[in-house]
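Contents: one structure, followed by commentary.
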């Protein structure tokens, strides 16, 4: 049975209406901006120079989390200039991971954590950033929209679209899973998901740490129809044989991929994520959402008015998700 996807709280609601920024968050963000945006400034030849601000904060790797939060919150050019200056100081994957989790902690002060994403979920994808494995990002409730949502191009530096797939965790037993069947046993549902990442940086073998630091480019996502999860071998196998197709509003096919394109079976992404979280002493919780990986290359929205992602043959059923752009 097809079901409209529920919000991160478990209620069938409109996420955009529920997740407005609180007054406390606005004050917090303005404070960050005031202290951080002057950390970097351009020199006369167009190059970025490292300069301390009035509070003595320099454009360094350590200042990146605050600067990136200010940039993504205000979307002001000067904020992005400062954030890029600090991002350029991140040179390793280990350093990027440290900055990422610091950013996620700051971000959590203004929005509820909704779950995680597994990015670069294939060898060609993570190798293009000089990395040796996929990347973990954190999803927040105010990033998520309902199917049919209207998203503004101006809400990102270079907003893109990609077909993903989402799963909702049912119970904490998933943290002990070692097989796909055990993963499926601890899931509530499989959900159509269109991610709208912000392509702040492009593939570069020297930029892996920076990609990790920007929360794996997470910006927005649109949740669509869902099917109940189960341990039925037919359902688990269908996640490998399903077709994931993106169409524009005219019905033109923009991408087409088999379910096996994400780690052979997208549930393998959860096994990877559980292992990565254990390294941090963390775990998945009931209600958490997990974006399992991309079924298409992230592509700038450009002049598209909207896209539809169709998932054909998940346990004999079809689901879809729609996003509109302005």
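The values are calculated or read from the model by the stated rules, or taken from the named source; none is laboratory data. If you're wondering where the values come from, they're calculated on a predicted model, not measured in any experiment. Please note: Cβ atoms are built from the backbone with ideal geometry, for glycine as well, and neighbour counts cover all protein chains shown.
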For this session: Go through the stretch 299-326 and give me each residue that's assigned to a loop (DSSP other than H, G, I, E, B) and buried (at least 20 other Cβ atoms within 10 Å of the Cβ).
Result: 301
For this session: Give the stretch 154-178 a look and list any residue that's touching a strand residue (DSSP E or B) at 6+ places or on another chain (Cβ under 7 Å), over 27 Å from residue 102 (Cα atoms) and surrounded by fewer than 22 Cβ atoms within 10 Å (Cβ to Cβ), or say none.
Result: 170
Problem set entry | Residue count, the stretch 112-148 (criterion: in a loop (DSSP other than H, G, I, E, B) and surrounded by fewer than 17 Cβ atoms within 10 Å (Cβ to Cβ)) | 6
Problem set entry | Odd one out for residue 202, checked against (1) at pLDDT below 95; (2) more than 21 Å from the chain's Cα centre (by Cα) | (2)
Exercise. Which condition does residue 199 not pass, out of (1) closer than 18 Å to residue 291 by Cα; (2) crowded, with 19+ Cβ neighbours inside 10 Å; (3) touching a residue at least 40 places away in the same chain (Cβ under 8 Å); (4) touching a strand residue (DSSP E or B) at 6+ places or on another chain (Cβ under 8 Å), if it passes all the others?
Worked result: (2)
